[in-house]
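The values are calculated or read from the model by the stated rules, or taken from the named source; none is laboratory data. These numbers were taken from a predicted model, which means no experiment stands behind them. Using ideal geometry, Cβ is built from the backbone for each residue, glycine included, and neighbour counts are taken over all protein chains shown.
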Amino acid sequence: MLSRNAERTYWLGRYVERTEDTARLLNAFTHVMMDIPSSGKLGWDVLLKIMASEELFYESYDKATESNVIKFLLCDEENPSSIRSAVKAARENARTLRDRLPAEAWEMLNDLNLFLKKGAEEALHQRNRFQFLKDTVSKCQRFNGMVRTTLSRTQVYEFLILGACIERADMTTRLLDVAAGVLLSRADNLRTFDNHIWLEILKAHNAVMMYRMVNGPMISPKPVLSFLIGEDEFPRSIKHCLDSTKSLAENLPRNETFIKNIDALISNLDSYKQHGKVQLEDLSEFFDETQQGINELHQIIATTWFLSAVAPEQTQTQTEV
């Protein structure tokens, strides 16, 4: 497979995954802000911290209000990490790969692009937002289901899923890092509703039922963190994403450096799961190391299998990834 096509396929996987994950995050956070009394609420700037886009946001907006943050993350085309920008980039990558993907792949992404173009502005209002975000997630899932059931297991498939797994691990790490840092450091009198927020974090990963099968009905920080970080069998946990990434990379040439690095990262996750670190200082260090490790995996992928280390127009999109 040509390096340029491998790169485009990898980014296609990342952009579609980013679209779905961001839509899930906006949905869950809006529910949190609606359900939690003002005394226990978080600021909308939390979303900017999760997306690592505070600096870019404040170049165009004065305050992190609901309307500004939702617009920035949903439909602002000046923000390369917005849902609108991610879908446009996914569509463009798919267009250049039309001879390598099922015809339905292009059709689905074109439909998603038109859907966002027509409806994103209306979703700025809460009354329209939930259904719009739900439909966005559903369209991404239909695309993923189609390619996973019709695409031959060639390097096209491997780089597509590799991109999706790296993006998912990155998004989950950043969400949990910010959530743990904000929630676990709050004064006791502000933490009355925090378990409800942890429930919404599970919902953002479509993880509630699977979590309860493992941990029972009670929601609390330690088991939620343990599940989303290290649950081997849950496909949206960081551990499962990295295990899947390693399995895919084992089929690729010149993979020695990548396998060495991902083995070290997986070992760190296993150590976390074994010792069950829940102190804030431990979590902060753990997430910093994990984020750095994922960044390094991305760079190894780029330098090993792509023509360019990182495409210039995509560097900012990855928010340092």
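Quick notes on this structure:
- Matching residues, the stretch 82-100, being part of a loop (DSSP other than H, G, I, E, B) and either touching a strand residue (DSSP E or B) at 6+ places or on another chain (Cβ under 8 Å) or over 18 Å from Phe115 (Cα atoms) (or both): Leu97, Arg98, Asp99, Arg100
- Restricting the stretch 61-80 to residues that are in a loop (DSSP other than H, G, I, E, B) and buried (at least 19 other Cβ atoms within 10 Å of the Cβ), the residue that is nearest to the chain's Cα centre (by Cα) is Pro80.
- Test: residue in the stretch 138-152 that is of a type in the set (D, E, K, R), over 21 Å from the mean Cα position of the chain (by Cα) and either over 19 Å from Ala28 (Cβ atoms) or surrounded by fewer than 22 Cβ atoms within 10 Å (Cβ to Cβ) (or both): no
- Within the stretch 173-192, if we keep just the residues that are small (Gly, Ala, Ser) and in a loop (DSSP other than H, G, I, E, B), the residue that is modelled with the highest pLDDT turns out to be Ser185.
- When the stretch 101-129 is limited to residues that are surrounded by fewer than 16 Cβ atoms within 10 Å (Cβ to Cβ) and not in a helix (DSSP H, G or I), the one that is modelled with the lowest pLDDT turns out to be Glu121.
- Selection of the stretch 230-278 for residues being at pLDDT 95 or above and among the β-branched types (Val, Ile, Thr) yields Ile238, Thr245, Thr257, Ile259, Ile262, Ile266.
- Some residue of the stretch 46-60 being under 21 Å from Asn110 (Cα atoms), touching a Lys or Arg at 6+ places or on another chain (Cβ under 8 Å), of a type outside the set (Ser, Thr, Tyr) and outside any loop (DSSP other than H, G, I, E, B): no
- Every test in (1) among the aliphatic types (A, V, I, L, M); (2) assigned to a helix (DSSP H, G or I); (3) closer than 19 Å to Gly13 by Cα is passed by Val32 save one, and that test is (3).
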